[in-house]
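Step one of this worksheet: look at the structure below.
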Amino acid sequence: MHLPQGERPDFGHADVIGPDLRRILAPNPSPMTFWGTNTYLLGRRNLAVIDPGPDDPAHLAAILDALEPGQRISHIFVTHSHLDHSPLAAPLAAETGAPVLAYGDARAGRSPVMTALCETGEIGGGEGVDHGFTPDIALLDGHKITGDGWHLKAHWTPGHFCNHLCFESGDEVFTGDLVMGWASSLVSPPDGDLTHFMASCARLKALAPRRHLPGHGAPIDTPAARLDWLIGHRRGREAAILAALDQGARTATQIAHEIYTDTPAKLMPAAARNVLAHLIDLMQKSEAFPQGPLHADSRFARPTGNDAPG
């Protein structure tokens, strides 16, 4: 599902999208980032910046140029440490003196299952990770931050990435890459965790916001419907994967080529990572198991007869 988006905003321009809320689009379009990364400026005088974006001097200049007389940046929030969201945090902090706030470094929040898989060194993944990212202030789940005319509540929402946060602001939520404004999110182990992803989507739906403000794409004015689609999409993928395994043992790549029939070839590696995330989730539910040690190219099968998941 690709949501209607309208015209792409101009790069580097601070567009007003709500009271005391502006968006600046970073110039990093790609098949994985759509138009580019949305950087948000919240507040009237002492501003919060949410997701400063990639390490790009032009984008840094655009953020600083957006400051009006009497305004300054007081806080820098990062939803997660991917290279299209977090690297500009340190240069922006150096320019403004504002602290960087996030859940933790690039390994924070990783589940025991994913930690164990990462330690084997054979699961692959690690696409686009900002390994050097460390916040000045680590936010706990539920942490509330009050600024100059704005209030944010941090919600730990792992799944797309282990240290992912969404930020609740009144009846709106900055959703990072958990819910994007144009397509479903990549979930690539060990940084991505489908079990966590589904739980985070359910948690976000319970907040019942009026609008989602995603890391990529346009604002989402029908957030409940979007989450219903996203949850249903993942359940549909799971059903297709199980149906494929009912025909015999397969690798994640083989399954991806069978069920992602409308996906461009250049995106098939990402599709295979999504399938692997589903297979690991199914393994935890004892509905599939790898034939031998688990690695990125393992053949998975359905348990039959006396087969023991493992």
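The rows are residues; the columns are (1) over 17 Å from Thr39 (Cα atoms); (2) modelled with pLDDT of 95 or more.
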| position | (1), (2) |
| --- | --- |
| Leu88 | no, yes |
| Ala94 | yes, yes |
| Gly97 | yes, yes |
| Ala102 | no, yes |
| Met114 | yes, no |
| Thr120 | yes, no |
| Asp136 | yes, yes |
| Trp150 | no, yes |
| Trp156 | yes, yes |
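The condition of being at negative phi, buried (at least 19 other Cβ atoms within 10 Å of the Cβ), among the charged types (D, E, K, R) and modelled with pLDDT of 95 or more holds for only one of Arg302, Arg250, that being Arg250. Residues in the range 117-145 that are in contact with a strand residue (DSSP E or B) (Cβ under 8 Å, 6 or more places away or on another chain) and not β-branched (Val, Ile, Thr): Gly128, Asp130, Phe133, Pro135, Asp136, Ala138, Leu139, Leu140, Asp141, Gly142, His143, Lys144. Look through the range 160-173, keep the residues that are closer than 19 Å to Arg44 by Cβ and in contact (Cβ under 8 Å) with a residue 60 or more places away in the chain, and return whichever of them is surrounded by the most Cβ atoms within 10 Å (Cβ to Cβ). Restricting to residues being closer than 19 Å to Arg44 by Cβ and in contact (Cβ under 8 Å) with a residue 60 or more places away in the chain, the top hit is Phe167. For the range 272-301, a residue qualifies if it is farther than 18 Å from Ser111 by Cα, without any contact (Cβ under 8 Å) to a residue 40 or more places away in the chain and within 26 Å of the chain's Cα centre (by Cα), and the qualifying residues are Ala272, Val275. So, of the residues in the range 42-79 that are at positive phi and touching a Ser or Thr at 6+ places or on another chain (Cβ under 9 Å), which turns out to be surrounded by the most Cβ atoms within 10 Å (Cβ to Cβ)? That would be Gly53. Could we say that Leu267 is more than 18 Å from the chain's Cα centre (by Cα) and farther than 19 Å from Val179 by Cβ here? Spelling it out, it is not the case that Leu267 is more than 18 Å from the chain's Cα centre (by Cα) and farther than 19 Å from Val179 by Cβ.
Among the residues of the range 63-75, is there at least one that is acidic (Asp, Glu) and either under 23 Å from Pro29 (Cβ atoms) or within 14 Å of the chain's Cα centre (by Cα) (or both)? Yes, the conditions are met somewhere in the range 63-75. From the list Thr157, Thr120, Thr115, the one residue that fits, being crowded, with 21+ Cβ neighbours inside 10 Å, under 20 Å from Arg273 (Cα atoms), outside the structural domain of His295 (by TED's automatic domain parsing) and in contact (Cβ under 8 Å) with a residue 12 or more places away in the chain, is Thr157.
Just checking, does the range 49-62 include any residue being touching a residue at least 60 places away in the same chain (Cβ under 8 Å) and either outside the structural domain of Leu279 (by TED's automatic domain parsing) or among the charged types (D, E, K, R) (or both)? Within the range 49-62, one or more residues are touching a residue at least 60 places away in the same chain (Cβ under 8 Å) and either outside the structural domain of Leu279 (by TED's automatic domain parsing) or among the charged types (D, E, K, R) (or both).
So that you can scan it fast, the table gives a plain yes or no per residue for (1) over 25 Å from Ala277 (Cα atoms); (2) surrounded by 23 or more Cβ atoms within 10 Å (Cβ to Cβ); (3) more than 13 Å from the chain's Cα centre (by Cα); (4) modelled with pLDDT under 95:
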residue: Leu140; (1), (2), (3), (4): yes, no, yes, no
residue: Lys144; (1), (2), (3), (4): yes, no, yes, no
residue: Thr175; (1), (2), (3), (4): no, yes, no, no
residue: Val179; (1), (2), (3), (4): no, yes, no, no
residue: Leu186; (1), (2), (3), (4): no, no, no, yes
residue: Leu207; (1), (2), (3), (4): yes, no, yes, no
residue: Arg210; (1), (2), (3), (4): yes, no, yes, no
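Residue-level analysis places Ala199 among those that are under 15 Å from the mean Cα position of the chain (by Cα), modelled with pLDDT of 95 or more and under 25 Å from Gly125 (Cα atoms). Checking each residue of the range 2-22 against the condition of being in contact (Cβ under 8 Å) with a residue 40 or more places away in the chain and more than 20 Å from Gly181 (Cβ to Cβ) gives at least one match.
The values are calculated or read from the model by the stated rules, or taken from the named source; none is laboratory data. None of the values given here were measured: they were computed from a predicted structure. A quick note on method: Cβ atoms are made from the backbone with ideal geometry, for glycine too, and the neighbour counts reach across all protein chains shown.
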